[in-house]
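Encoded as structure tokens, the structure appears first; notes follow it.
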Amino acid sequence: MKISTKGRYGLRALLDLAVNSDGEHVALSNIAERQGISENYLEQVFSSLRKAGIIKSVKGAQGGYILAEKPNNIRVGRILRVLEGDLSVVQDDDDHPHDYYESIQYCLQLQVWDKMSESINNFVDSITLEDLVQDYKVLNNEIGDMYYI
């Protein structure tokens, strides 16, 4: 499985939106400029994300985009599935010969491909947009030292 530019740019743009919104709408042109991504391309990506209910848009001079939910409720897996579709490593064609379930192909499907897909899905579903915002802030020293007791 390979994540396309749509998935990579979409996730990057959503993280930018989450980091820079502070509850306010963010102009797509600002996200595009900060991320070095074509505004026209981002419009297409954000259209999919808006239809999926991940972001909201407001038209006008003070318009832009805002997350439709809190970042801790938006999982990376959800974003990628909206932009990429199914995150399986191998597509099962569902058109199997009568002896498929006794075949090597079926064994590999169950023991390798399905388990890889499950691991990938579990991993991306374990990460929220809020996790990424916090990681970004730590990497850029925007959060003071974290102390644990």
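The values are calculated or read from the model by the stated rules, or taken from the named source; none is laboratory data. Bear in mind that the values here come from a model prediction, so they are computed numbers and not experimental data. Using ideal geometry, Cβ is built from the backbone for each residue, glycine included, and neighbour counts are taken over all protein chains shown.
Determine whether S88 is in contact with a Ser or Thr (Cβ under 6 Å, 6 or more places away or on another chain), surrounded by 11 or more Cβ atoms within 10 Å (Cβ to Cβ) and outside any helix (DSSP H, G or I). Against the criterion (in contact with a Ser or Thr (Cβ under 6 Å, 6 or more places away or on another chain), surrounded by 11 or more Cβ atoms within 10 Å (Cβ to Cβ) and outside any helix (DSSP H, G or I)), S88 qualifies. Reported count of residues in region 93-149, each being assigned to a helix (DSSP H, G or I) and at pLDDT 75 or above, is 35.
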